[in-house]
Amino acid sequence: MPVTAKLLFVAHVLPFPENTGTKIRLANLLRAACAAGPVKFIGFIDQGPAHDPENEEGVRQLLALCPDAELIPRRHAWWPDVERDSLKWTLKHYVLASGAFVFREFACDALVDAVRRHAADAEVIWVERLWIAHHLRDLGHKIIVDLDDIESVKIGRRMKGWKLTAPVLAAWYDWWKTRRAERKALEVFQRAAVCSEEDTQFWPGQRDRVWVVPNGFNDELLDLPLPEIDVPRVIFVGTLAYWPNVEGVLMFAKKAMPLLLERFPALEFWIVGRGPIEEVLALDNGGNIRVFGDVPDVVEYVRQCSVSIVPLRVGGGTRLKILESIGAGVPVITTTVGVEGIALQPEKHYLLAHGPQEFSAGVTRLLEEPALGRAQVESARKVIAERYTWRAIREDLARRLRGFMGTASAP
């Protein structure tokens, strides 16, 4: 006889295979939920080609963990026949529509119906992304919403400094609607989960209702010795269709690499990650800049490099790529945004840089002072071993969820 799920886990993507930062986080949160009690998974799946090997493998892994999982094809809900970000498009979606555009970007009716069919028996509903939870506000007394990316923070950073044209003003208005909805989340939902202590400050005076669930890394990496590198090589790892990553990669390749090649003619820059867009693929010159998309194990590439860079100007959450690089034994250069949410100190654990000149200087320093990089990695590994292993994060979240079961108030 099937066991009634005490917890519904509602997700915006298929958690498997674990080949992006989003999926790695999602898979580990799902494992924690399963450790807390019986779980029913309900989530979107991207509509790929028929017999898509990645989707088939992802579904197989999901069903091994949650045999009765329900998957709903995800589709966009905007005007397909109107150019996105045109004046007509922004007026319709940003100005004239009620609520933020992020709540209407995908068609959620089928997913919401599936959640409602099982909600009565569930004690807790864990929901990934506010844009899904928004459609389940009447169940807010049971919902913990995971805000690993606070959208208004990420979007606001991106638009800062944009010329104030009519479409941009419309986008700022939509940003205000998004930020207002995020600010009011704890008026509707029982709890919010975020990646860092910094993110809890988004809701002043409500810290007790915000759970910090950081991103992590697999602690098996700590068993690896520090790599010995013969060729000077810099690496970036990340999803290569995600615009903050693309922006950072383009900056380093086009502005920092020319500076570095004057001093280190043999230097290589490896760009590694899923789904590289044409603009990124065009950087591969077959020589000192290479692009490797959809590799089976990024750690193998990281450990062949002297330096790992995270040149992000905008973003949210916690960067798994920093934790993985340090765990793999490779020193890191990052921006303030890149290291946000990770309890590491500049100089002691990593080098801080902003802009091509500072990244060039940081790479130069680590290449010429390898002892500095080794010392930073050894010190940083101790910190992340104590605070950011997925094993410890899963155990802590499972404990919190077990304690929360049965305490959700009535509507």
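Overview of values
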{"item": "Any pair with Cβ under 9 angstrom, 6 or more apart, that starts in region 289-316 at a residue that is under 20 Å from PRO232 (Cβ atoms) and ends at one that is in a loop (DSSP other than H, G, I, E, B) and among the basic types (Lys, Arg)", "result": "VAL310/ARG319"}
{"item": "Odd one out for THR334, checked against (1) out of contact with any strand residue (DSSP E or B) (no Cβ under 6 Å at 6 or more places or on another chain); (2) surrounded by 14 or more Cβ atoms within 10 Å (Cβ to Cβ); (3) closer than 26 Å to ASP223 by Cβ", "result": "(1)"}
{"item": "Matching residues, region 306-355, being in contact with a Phe, Trp or Tyr (Cβ under 7 Å, 6 or more places away or on another chain) and either in the same structural domain as ASP199 (by TED's automatic domain parsing) or not in a loop (DSSP other than H, G, I, E, B) (or both)", "result": "ILE309, LEU320, LEU323, GLU324, GLY327, VAL332, ILE333, THR334, VAL339"}
{"item": "Verdict on GLY275 being out of contact with any helix residue (DSSP H, G or I) (no Cβ under 8 Å at 6 or more places or on another chain) and without any contact (Cβ under 8 Å) to a residue 24 or more places away in the chain", "result": "no"}
{"item": "Residue list for region 300-327, filter: surrounded by fewer than 20 Cβ atoms within 10 Å (Cβ to Cβ) and under 18 Å from the mean Cα position of the chain (by Cα)", "result": "ARG313, VAL314"}
{"item": "Among (1) at pLDDT below 95; (2) surrounded by 15 or more Cβ atoms within 10 Å (Cβ to Cβ); (3) within 30 Å of ILE155 (Cα to Cα) - the single one LYS88 does not satisfy", "result": "(2)"}
{"item": "Qualifying position, being at pLDDT 95 or above and out of contact with any Lys or Arg (no Cβ under 8 Å at 6 or more places or on another chain), among PRO15, PRO67, PRO53", "result": "PRO67"}
{"item": "Selection count, region 165-192, where residues are among the small types (Gly, Ala, Ser) and in contact (Cβ under 8 Å) with a residue 60 or more places away in the chain", "result": "4"}
{"item": "Scan of region 356-372 for residues that are in a helix (DSSP H, G or I) and of a type outside the set (Gly, Ala, Ser), ordered by number", "result": "PRO356, GLN357, GLU358, PHE359, VAL363, THR364, ARG365, LEU366, LEU367, GLU368, PRO370, LEU372"}
{"item": "Pairs, first closer than 21 Å to ILE326 by Cβ in region 229-243, second modelled with pLDDT under 90, C-beta under 6 Å, six or more apart", "result": "THR239/THR20"}
{"item": "Residues being part of a helix (DSSP H, G or I) and under 21 Å from ARG137 (Cβ atoms) - total across region 187-205", "result": "2"}
{"item": "Helices (runs of 4 or more DSSP H) completely within region 127-186 that count 1 or more residues being modelled with pLDDT under 95 and farther than 22 Å from VAL213 by Cβ", "result": "151-159, 166-183"}
{"item": "Options ALA166, ALA97, ALA171, ALA122; residue that is touching a Leu at 6+ places or on another chain (Cβ under 9 Å) and over 28 Å from LEU14 (Cβ atoms)", "result": "ALA166"}
{"item": "Test for ALA375: is it without any contact (Cβ under 8 Å) to a residue 12 or more places away in the chain and either in a helix (DSSP H, G or I) or small (Gly, Ala, Ser) (or both)", "result": "yes"}
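To keep it simple, each residue is scored yes or no on (1) charged (D, E, K, R); (2) within 24 Å of CYS34 (Cα to Cα).
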| position | (1), (2) |
| --- | --- |
| ASP85 | yes, no |
| LYS88 | yes, no |
| ASP109 | yes, no |
| VAL112 | no, yes |
| ARG117 | yes, yes |
| ALA122 | no, yes |
| ILE125 | no, yes |
| LEU139 | no, yes |
| ILE143 | no, yes |
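The values are calculated or read from the model by the stated rules, or taken from the named source; none is laboratory data. This structure is a prediction, so every number in the text was calculated from the model and none was measured. Glycine gets a Cβ as well: all are built from the backbone with ideal geometry, and neighbour counts include every protein chain shown.
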